Structure formats: structure tokens, C-alpha cells
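In what follows, a single structure is set out as C-alpha cells and then discussed.
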Amino acid sequence: MSSSDSLIQIRDYVQILRHSVLTIMVFVVIGLGAAFGITLLKHPVFESAVELVVEQQQSATALTPLFAPVSRGDATGLETQIRVIRSPAFVAHAVESMLTWIKASKGEADIDSISAAMPTTMEMIDNAMRRTSGLEAYVAGRSPGSLRGELRAGLSVAFLPRTQILRIKTRSEDADFAAAAANMTAQAYVDYVEATTASSTQRAFLMLKRQADETSRTIKSSAAALLEFKKRAEVASMTGDPVSSDGDDSYEAEKVKQRLALGNAEIVAMRDALDAVTGDIDLLSQRYKPGHPQMQSLLSKRKLLEAKIKKETDMAYTQWERAHLEEQGAVEYSMLEQDLAATRRLHELLVGKMKEIDLTRDAPGARVQILETARVASRPASPNKPLNLTLGAVSGLMAGLLLAFASAFRRSNLISLSTTEEDLPAPLLGALPHVGDEELPKILHGAADHGSPATESFNTLRTTIEAILASATKRDIPEIYRKIILITSPDRGDGKSTISTALAQSLAKLNKRVLLVDVDLRRGRLHETLDVTGDNGLSDLLRGGEGIEPRKVAANLSFYSRGTSTTNPSELLASSEMQAFAESAGRNYDVVILDSPPLLPVTDAALVARYAAVRIVVARSQRTHLAACRQALSILQNLGYAVDGMILNDVHDAERSYYGYYRTSYYRGYGGSEDDRK
């Protein structure tokens with residue numbers, strides 16, 4: 001596995017730790033110091049706990065589920081008990097009991113007024129409270145409200161897992177108050193369970209009694225209603241009248257009569273005769289007046305038929321009503337009888353439950369026993385100095401290790417002098433040292449000291465590139481492009497423009513005609529580096545500008561700036577004008593250097609790579625990721641453009657030990673002052 005992959009092999013761990021011992025120790029000391037400081041700043045807090053066992057008791061004659069005690073598996077019931085203990089009213093009761101005990105210990109109150117619990121429980125609490133010798137001094141001058149707030153803030157309640165043991169824990173800055181608060185809270189819970197069990201049984205008994213009294217009254221009223229119905233039935237049987245008659249609505253009665261008439265053949269025949277007589281009357285009324293004998297005869301006949309129809313209809317309705325009311329009476333009697341029987345059974349059940357509760361009212365539904373009272377803590381629970389210091393040291397150690405391995409991981413992913421040739425995506429043509437702010441302008445303008453490491457490095461790079469240019473004649477490259485060099489980088493900030501300028505200055509000193517072209521039409525800044533104006537540059541020339549010539553920036557060195565800003569840089573670089581420019585430059589100059597945009601952000605470098613015989617990628621040491629270099633070179637290689645090599649820029653002295661020797665020995669011997677050479 002190669003070191004360029006983001007994995008650090010096991011054999012490198014010792015080396016990483018060895019180089020990071022000082023950093024790790026610094027972090028350990030910082031962690032210890034932070035833990036010690038936090039421990040000193042925190043106030044000591046004391047902790048006390050009391051444990052109670054909650055025994056659920058239930059009589060053999062169980063009551064309804066409403067009054068069954070809470071079981072251990074009932075999470076809702078357990079949470080309810082915990083919330084009750086932590087409630088403000090409960091805490092207030094515990095504080096009041098504590099203050100009452102203090103008064104009782106001084107003879108100012110009766111200790112029996114503290115609790116109505118069993119004498120053995122109260123005796124345990126009293127003995128435990130006598131061990132809190134500093135309690136009276138701590139609560140003196142403090143209001144009950146502040147004591148309640150302190151108790152509630154430090155109170156924690158929980159049932160121990162898989163048990164019926166309740167642990168009440170309290171925390172306070174005073175050890176005596178913590179123990180007293182835990183004991184009095186436990187005593188308050190004992191009181192609460194006793195009172196709740198008794199009151200719930202009493203409430204159940206009273207509720208059943210009210211229901212029994214209500215059913216008793218219902219039995220009496222139902223029996224009276226049944227007796228009254230029987231009397232009315234006897235009278236009805238003697239008179240032949242219906243049992244009861246509520247008087248039907250007249251509209252409903254007429255509807256029933258009409259329905260009965262339609263089902264009676266005799267009434268139907270009389271209605272047909274009535275219709276015939278009515279028809280004759282209508283015909284004769286056109287010829288005779290009502291006083292005519294025939295008219296009078298027909299009118300008398302119609303009146304007689306109407307009377308018979310009404311009589312027969314009323315008789316049919318009377319028979320139907322009697323049968324209907326008799327049927328209703330039978331149903332009503334049955335319902336009254338059933339209601340009376342059901343009410344009597346319910347009354348018997350309620351009376352039986354009342355007897356059961358009356359027998360078990362004195363037996364508690366739950367019993368709470370204090371297993372161990374709270375004791376006054378001899379040392380604070382927090383801050384735990386040994387634990388804090390251990391955690392601080394471990395945290396510092398982990399932070400130091402994390403930083404050491406993160407730094408090693410980062411270095412393993414960044415290109416540097418330690419990167420092996422197998423891991424580099426292209427041959428390494430040269431490594432250029434870091435140049436200070438004072439020396440950089442001299443290099444860019446060709447005025448650097450001849451013996452400086454930076455100048456010598458550029459001279460070495462110049463020799464390498466000359467050799468590559470010489471070998472370009474043997475390649476399958478058009479002769480017109482064999483003098484063109486493309487210098488690019490994976491991303492911005494890698495230093496390609498600095499290297500392009502310095503290399504152009506170095507080549508110009510060999511009396512070669514050199515043309516430096518800022519091909520970055522988007523963000524090019526070479527004109528600022530060379531202290532010339534940026535107008536009338538490459539973009540203007542490609543857009544058809546007339547009379548645009550390169551600027552002379554040094555002996556044998558000409559320069560084309562990027563020109564006026566444009567909105568279509570890619571189209572200009574891919575145009576036939578760019579091809580004509582490259583061919584013209586190749587004919588008129590010994591060396592042409594194209595300072596192109598970076599490869600990863602835009603595609604401009606790939607567009608002009610076709611015109612170059614030599615293609616070089618610049619990477620910044622300890623900053624450019626190796627994966628970015630590989631991706632950038634793959635862009636050119638996928639288009640069929642070979643990359644001749646890479647230049648590692650901005651190499652600091654610490655990366656290679658020989659740089660230190662270079663500066664102190666070589667430079668002192670050949671480029672320093674007379675005093676330095678001694």
C-alpha cells in the first residue's frame with residue numbers, strides 16, 4: 001500500500017509518535033491544568049441517599065382494579081410516585097418536617113407532630129437526624145423558600161432496577177443538610193403512602209355507599225310504578241277500556257284511520273258509492289238548483305253515505321286502538337318488572353362490596369419500610385479530583401494523539417518532497433524553495449542574486465526544460481509548436497504564474513527571444529506582477545484588434561497581458577485566431593511560455609494545450625492534494641495531451657535536511673559575503 005493513500009501503515013505509528021511526543025505532552029499538561037482549574041473553581045457538593053422498600057400488600061378478597069396497588073412492572077405508576085416525591089408540595093412538607101424536628105430537638109415543639117407514621121420508622125429517622133450536628137447552624141437565618149429550592153434542585157428519585165427498592169438521593173453544599181433532607185423526604189413518603197392508602201379505601205367505601213343508596217331509592221320507585229300499573233290493569237279489565245291512553249295526536253290518528261279505511265272492503269264500497277253520488281250531483285247542478293227534488297234526493301243520499309263511512313271508520317279505529325294499547329301495556333309491564341329485578345341485583349352486589357371494603361379498611365394496600373437511613377458524607381461527591389485529573393490527562397492525551405495522526409494523515413495526502421516517484425502522476429522536473437517576500441520581486445524582475453538557492457533552483461529548472469524542448473524535435477509535434485511551453489496547475493494559488501515569470505526571466509538571460517503570454521483571460525494578473533498595464537492584450541488581439549504588439553518587460557523578454565475582460569474566454573481560446581497567434585509566436589520567438597488558468601476550475605488550459613510541445617503542471621508543496629494533481633493531469637491525458645512533468649513549488653527548508661546545508665555551506669561558499677566564506 002502506498003503512502004499517498006490516506007492510510008498510515010502500522011510501522012509508521014511509532015515514527016509519528018516519536019516526532020509528536022512534545023505536542024502530545026503539551027496537550028496532556030493542558031488537559032491536566034484545565035481539569036485542575038475546573039476542580040478548584042467548582043464548589044464541593046455532598047451527597048446522601050436513603051433506601052426504602054415498597055411492599056405491595058393486597059387482601060385475599062380483591063377490590064376492583066381501580067384500587068389495586070401499583071406493581072413493579074407498572075412504569076406509569078412508578079413514574080407517578082417519582083413525580084409525587086419531586087413535587088413542590090412534597091418538598092415543602094419535607095422541609096417543614098425538618099424545621100419542626102430542629103425545634104423539637106431544642107424542646108420548642110413536639111416530635112410527634114412531625115409524622116403520624118409507625119413508631120419504629122420515626123425512631124430510625126430521629127436517630128439519623130441526631131447525627132446531623134451542623135444542620136441547625138446551616139439552616140439558621142435561611143428562609144423556608146430557599147431551603148425548599150435547594151432540596152428540590154438536588155433531589156433525585158429512582159427505583160433500583162428489577163427491585164421494589166426506592167432510592168432517594170439529595171445533593172447539597174452542606175453534608176448535614178444533604179443527609180437531613182434525604183431522611184425527611186423518606187419520612188414524608190412514608191406519611192404519604194399511609195395517608196393515601198387509607199384515604200383511597202375510605203373514598204371507595206363512601207362511593208359504594210352512595211351508589212347503594214341510589215339503587216335503594218330506584219328499587220322503591222320502580223316497585224311503586226309496577227304496583228300502579230297493576231291497579232290500572234285491573235280497572236281496565238273490569239271496564240273493558242284500554243290500560244292507558246295518552247291521547248294520540250289528531251294528525252297521526254287521521255293517518256291511521258285512512259290506513260284502516262283502505263283495508264276495509266265495506267268502507268271502500270261505501271266510498272265508491274259516495275263518489276258516484278257526488279258525480280251525479282255535479283252533473284245535475286248544471287241543470288237544477290239545490291232546491292230541486294232530484295238534487296235534494298241526491299244530497300240526502302250523500303250525507304247518509306258520509307255518516308255511515310265516518311261511523312265505520314271510527315269503529316275500526318277504536319278496535320285498533322284498544323288492541324294497540326293492550327299490547328303496549330304488556331310491554332311496559334315487562335320492562336318495569338325487568339328493571340326492578342336488575343336494580344335489586346345491583347343493590348345486592350354493591351352491599352356485598354361494601355362489606356368487603358369494611359372488612360379490609362384497616363389493612364394497608366402498600367407498606368413502605370426504610371432499609372437504610374442517609375448518613376452524613378465524610379467527603380464531597382463532586383468535584384472528584386482524582387477522576388477529573390484522570391479525565392483531563394486522558395482528554396489531553398487523546399487530543400494530542402488526534403492532532404498527531406491528523407497531521408500525519410494530512411501530510412500523507414499532500415504532495416511534498418517525501419512523495420515517492422511511484423505516487424507522482426508525472427515525473428518531477430524540479431523542486432523550488434520557498435522564496436521570501438524580499439527576494440520574490442527580484443526573481444520576478446530578473447534581478448535576483450546569482451548565488452541564492454532560489455536562483456540556482458530556477459537555473460536548474462531552466463536546464464531541464466531546455467533539454468525537454470530539445471527532445472521535442474523527436475516527437476510527433478508540428479514544428480511550429482515545438483518552442484511553446486504550457487505551464488498550468490491543479491488549482492489557484494499553486495504558484496504557476498510566479499514560476500512562469502521567473503522561468504521566462506531565466507531563459508531570457510541566455511539571449512533567447514522569450515515571449516510570456518498570460519492566457520488566463522478570466523483572472524490573469526501577470527501585468528500587475530510585471531508592473532505594466534493590462535489593456536491591449538491577448539483578448540483584444542483575438543477579437544481582431546489591430547496593431548497590438550507585445551510589451552518589452554526585460555532584455556529579450558516580451559509579454560502579452562490578458563487584455564480587456566471578456567465574457568467568452570473559452571470561445572476565444574478555441575478560435576482560429578488563437579491558433580494563428582500560436583503559430584506566429586512559434587515562428588518569431590525562441591521560447592513561448594503560456595501561463596494558463598488552473599485545470600480543475602475551468603477548461604481553458606485544455607483548450608490551449610494543443611499548441612504546446614511541453615506541458616508542465618505546478619503543485620505547491622504541503623498544500624496541493626495529490627488526488628487533485630492526479631485529477632488535473634487526467635484531464636490533459638484523457639484529451640491525448642502528454643504531461644512532461646511536474647514542478648514542486650514553495651518547498652520549505654524543513655522538508656529536506658539538505659536545504660539547510662545548502663543555505664549554510666554552499667551559499668556561504670559561493671554567494672555570501674567575504675565574512676560568510678570564512
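Regarding D437, is this residue in the same structural domain as V591 (by TED's automatic domain parsing), surrounded by fewer than 16 Cβ atoms within 10 Å (Cβ to Cβ), in a loop (DSSP other than H, G, I, E, B) and of a type outside the set (F, W, Y)? When the stated conditions are applied, D437 does not pass them.
Only one residue in S584, S575 is in contact with a helix residue (DSSP H, G or I) (Cβ under 7 Å, 6 or more places away or on another chain) and of a type in the set (S, T, N, Q). Which one? Only one candidate passes the filter, namely S575.
Would you mind finding the one in G392, G446, G430 that is small (G, A, S), over 30 Å from A49 (Cβ atoms), at pLDDT 80 or above and crowded, with 18+ Cβ neighbours inside 10 Å? On inspection, the qualifying residue turns out to be G430. Determine if segment 490-506 includes at least one residue that is more than 22 Å from G537 (Cβ to Cβ), surrounded by fewer than 22 Cβ atoms within 10 Å (Cβ to Cβ) and without any contact (Cβ under 8 Å) to a residue 40 or more places away in the chain. Checking segment 490-506: not a single residue is more than 22 Å from G537 (Cβ to Cβ), surrounded by fewer than 22 Cβ atoms within 10 Å (Cβ to Cβ) and without any contact (Cβ under 8 Å) to a residue 40 or more places away in the chain. Total residues in segment 402-417 satisfying the condition of being at pLDDT 75 or above and buried (at least 17 other Cβ atoms within 10 Å of the Cβ): the figure is 2. If we scan segment 603-621, do we find a residue that is assigned by TED's automatic domain parsing to the domain that holds G495 and without any contact (Cβ under 8 Å) to a residue 12 or more places away in the chain? Taking every residue of segment 603-621 in turn, none turns out to be assigned by TED's automatic domain parsing to the domain that holds G495 and without any contact (Cβ under 8 Å) to a residue 12 or more places away in the chain.
If Y589 passes every condition in (1) touching a helix residue (DSSP H, G or I) at 6+ places or on another chain (Cβ under 7 Å); (2) surrounded by fewer than 22 Cβ atoms within 10 Å (Cβ to Cβ); (3) aromatic (F, W, Y) but one, which one does it miss? Here Y589 meets the rest and fails (1).
The values are calculated or read from the model by the stated rules, or taken from the named source; none is laboratory data. Everything numeric in this text was worked out from a predicted model, so none of it was measured. Note that each Cβ is placed from the backbone with ideal geometry, even for glycine, and that neighbours are counted across all protein chains shown.
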